[in-house]
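Reading through the structure tokens given below for one structure.
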Amino acid sequence: MKVLLASPRGFCAGVNMAIQSLELALAEFGAPLYVYHEIVHNRYVVDSFQRRGVTFLDDLGEAPEGSTLLFSAHGVSPEVRQAAKDRQLRAIDATCPLVTKVHLEAVKYAKEGRTIVLIGHEGHDEVIGTMGEAPEAIVLVETTDDVDLLTPADPAHMAYLTQTTLSVDDTTRIITRLRERFPEIVGPVKADICYATQNRQSAVAELAQEADLTLVLGSQNSSNSQRLAELSKEHGVRAHLIDGKDDIDPAWLEGVETVLVTAGASAPEVVVEACLDFLCERYDAVVEPRLVVEENVSFPLPRELRALA
């Protein structure tokens, strides 16, 4: 068996920043420590921090007054920020800067009085946070069919934004439909879909055509990981999204000569390495690293933690 090991894969700059922030906060303030929502959408990461005394919560009322709280990489609404202040929590903002960019764009377009079309997945933490910036001005769409149902008050005064972890191809189709229906709609100068999401998708699109099967390391609630598995299937290659090697069904590998292995932007390299070890030991696999795009992006820590780094 040959294993094509995609690069780039795994942690992006935003995830690296968020996890380093939690590590530093844990070292400085100790447990118990609280995080609003999962720090990143990955079961391995969340479980490992829970074992060290970190509590992930969806209700700020569960955090004792005066305790230390991190906002996750996916961002939060102004309402949540205010609730943290009201409870006198020591809040540390680990929001990915690319998500913050979308929030600022939402505020800008709302101040201009535009109807904002947000392309994203209903219920996703990032979408909830972005919509919270201007709830009266934002409408969510997930498909081109949703675009066809839009009835804005002023079709000539609209804007669009996107969740950062979407399928590039799907999002392009939706934006194209928006522009067909609303020729005067405006959007961000620089695309909202993050560089890491695009790069990981590019790697799968290029390498899947050489494989019989794709294994994507990532959790089921990770939007960008889901997109990688879907993209492989769109290229005619079976794909499975797994948290780790224990999820691999040997039946998947019957008759398989080449496996593409990649990882979503919130999946740690340790789970990738364990998967490779399993394939090498069980199937005598030969691993062939394949670099598609170079990445050298990094983001600064939250200001509350920079002196601790």
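Here the contact order of the stretch 98-181, divided by its residue count and restricted to Cα pairs under 8 Å and six or more residues apart, works out to 38 percent. By the count of other C-beta atoms within 10 Å, a proxy for reagent exposure, SER167, SER202 are ordered fewest to most as SER202, SER167. The GluC sites (Glu not before Pro) of the stretch 212-277 that DSSP puts in a loop, and whose beta carbon has at most 15 other beta carbons within 10 Å, are GLU254, GLU257. Mean sequence separation of contacting Cα pairs (under 8 Å, at least six apart), scaled by the length of the chain, corresponds to a relative contact order of 27 percent.
Cα centroids of the stretch 244-309 and the stretch 46-65: 27 Å apart. Once you have a ≥ b ≥ c as the square roots of the Cα gyration tensor eigenvalues for the chain, tell me rounded if a/c is under 1.5, and otherwise prolate or oblate according to whether a/b is larger than b/c. Note, shape of the chain comes out oblate. Shape of the stretch 45-150 from the C-alpha gyration tensor: prolate (a/c of 1.5 or more and a/b above b/c, with a ≥ b ≥ c the square roots of its eigenvalues). Ordered by the count of other Cβ atoms within 10 Å of each Cβ, fewest first, VAL204, VAL117, VAL46 give VAL46, VAL117, VAL204.
Entry note, the stretch 205-309: relative contact order of 29 percent, from Cα contacts under 8 Å with a spacing of 6+ residues. Of the residues ARG238, ARG227, the one with the fewest other Cβ atoms within 10 Å heads the list, and the complete ranking is ARG238, ARG227.
No lab work stands behind these numbers, since they all come straight from the coordinates. Fair warning: this is a prediction, and the values are worked out from it, not measured in the lab. So basically every Cβ, Gly included, is an ideal-geometry build from the backbone, and we count neighbours across all protein chains shown.
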